[in-house]
Amino acid sequence: MIQNRKQTTIIMSLLTVLALFLTSCIDNEKKTQANAADIPVSKEMTAELTSPPNVPTPVGRRKAKKLIVNMEILEQEGTMTDGTTYNYWTFGGSVPGSFIRTRVGDEVEFTLSNHPDNKLPHNIDLHAVTGPGGGATSSFVAPGHEKKFNFKTINPGLYVYHCATAPVGMHIANGMYGLILVEPEGGLPKVDKEYYIMQGDFYTKGENGDPGLQPFDMQKAVDEDADYVVFNGSVGALTGDNAITANVGETVRLYIGNGGPNLVSSFHVIGEIFDKVYVEGGDLINENVQTTLVPAGGAAIVEFRVDVPGTFILVDHSIFRAFNKGALGMLKVEGEENKKIYSGIVQEGIYNPEGGGIQVMPNGNDKKPTVAVSKTLAEKMESGKQVYMKTCFACHQAEGQGIPNAFPPLAKSDYLNANVNRAIEIVLKGKTGEITVNGETYNSVMTRQAISNDEIADVMTYIYNSWGNNKTNVTKSQVDQVKSGH
Ligand SMILES: [Cu+2]
């Protein structure tokens, strides 16, 4: 014990040094935040608020100001997907809510008004706020009232805001979330295009695609069993005519948020690599990233330069959400091809690993004419169904219903029923460019299907005799004729 006295003293003094060191670190930390809190504000301005996918003008070099933010809560019915509506609760009339753009040191005067036609009280918790409830406790407001509170933005970054009124999960599930950006001193580096995209999961009484006004389903929400997972509040909010755009050579910055309430997003752009990701919307910058994780109640900023033209698909790479629940958007890039970066198809040929010589199975009956086999309709339906389930099913789906905004339906398809030869040709040669099926336009790619003319006859017969189509019986000789162009 006694001989340990000296050691104890040494340890004690080491601990003291360590403690001093840690205190000074914390002091420094406090100092930067205190500094931001001390940034003086000059003048007053009203914040520009935008609905998605747009963002307000960059802050740039402007001085810190008293920034007036007026946000109105609206409960309103909107379209979830074709034929399906939902009662959205919104900040500013959109899901996600209006984008708020500030800079570090701004003194925000926030007025939250709850429209008199609304049914419920609401409030707002901004993750950019340092203070109890992120503002929630000061902003609780009944329909037909408004509340005002002030806060100073002391940490730069991209932050989520959301309603925090009980039941919190339900308010978020109904669309009450958005993003607030706090730019650093001097602003973010300049880019050519900026967009606002936020993912959310929705829970409805009916299943995905069930028509009519669909009420919120609390049990499904608790079970995290989402019917819709979407960008910007609805299926197709960022596809077709709603796609975001850029030109070859431009730099694109996406402010990505995830409102949840439950699911995290594996955000990915098919055919692009993020040059930069501001991880979780903070200061840490990662480079050359394929997929970035955006937590529920979190955000990320991604940046990339577009080098080649085409349609780039934005997805949650938990991929069934993209193709079956709606988490799919599009970035359309126009401009010159760059064959050095991407060649497109250079050559297309027959892949024949076993060589041409043994492709015909000898059956000891070589002389038998192949055309002589004539199948009954039932046999063709049987074999056609097999071809369908093997080849077409992945895109056009089990009941031929297709996938909204991606793959057209074959069930009750006016396009299919109007012209048999045209449909055969599509399967023979593939199809690109815009087509309209049952009033919906598709502008996608169906690749040439590598199946025999006999199989094409069977699968087309199967499709024409299923799901309310016009019962055409397609023969192999008809397919042969279309193929030879007569
Ligand atoms: Cu609310």
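The values are calculated or read from the model by the stated rules, or taken from the named source; none is laboratory data. Quick caveat, the model's predicted, so the values are computed rather than measured. For neighbour counting, all protein chains shown are included, and Cβ atoms are generated from backbone atoms with ideal geometry for every residue, glycine included. For the accessible areas, the whole protein counts, side chains as well, though only heavy atoms, and no ligand, DNA or RNA atoms are used. Shrake-Rupley method; radii C 1.70, N 1.55, O 1.52, S 1.80 Å.
Working only within the stretch 103-128, note down all residues that are closer than 24 Å to residue 184 by Cα and within 11 Å of the ligand (Cβ to nearest atom).
Correct list: 124, 125.
Is it the case that some residue within the stretch 420-432 is open to solvent by 70 Å² or more (accessible area, probe 1.4 Å) and in a strand (DSSP E or B)?
Within the stretch 420-432, one or more residues are open to solvent by 70 Å² or more (accessible area, probe 1.4 Å) and in a strand (DSSP E or B).
Here is a list of conditions, (1) within 14 Å of the ligand (Cβ to nearest atom); (2) of a type in the set (A, V, I, L, M, F, W, C); (3) assigned to a loop (DSSP other than H, G, I, E, B); (4) open to solvent by less than 60 Å² (accessible area, probe 1.4 Å), and residue 154 meets all of them except one; can you say which number that is?
(1) is the only condition that residue 154 fails.
Pick from 77, 72: which is at pLDDT 95 or above and loosely packed, with under 11 Cβ neighbours inside 10 Å?
Exactly one of 77, 72 is at pLDDT 95 or above and loosely packed, with under 11 Cβ neighbours inside 10 Å, namely 77.
For the stretch 129-146, which positions are more than 13 Å from the ligand (Cβ to nearest atom) and part of a strand (DSSP E or B)?
145, 146
Within the stretch 409-419, take every residue that is in contact (Cβ under 8 Å) with a residue 24 or more places away in the chain and assigned to a loop (DSSP other than H, G, I, E, B) and give me the one that is surrounded by the most Cβ atoms within 10 Å (Cβ to Cβ).
Checking each candidate, the answer is 410.
Of all residues in the stretch 380-408 being of a type in the set (Phe, Trp, Tyr) and open to solvent by less than 60 Å² (accessible area, probe 1.4 Å), which is farthest from residue 234 (Cα to Cα)?
388
So is residue 117 surrounded by 22 or more Cβ atoms within 10 Å (Cβ to Cβ) and over 24 Å from residue 200 (Cα atoms) or not?
Judged against the criteria, residue 117 is not a match.
Within the stretch 171-238, considering only strands (runs of 3 or more DSSP E) that don't extend past its boundaries, which have at least 3 residues that are under 21 Å from the mean Cα position of the chain (by Cα) and not aliphatic (A, V, I, L, M)?
The strands (runs of 3 or more DSSP E) meeting that bar are 193-202.
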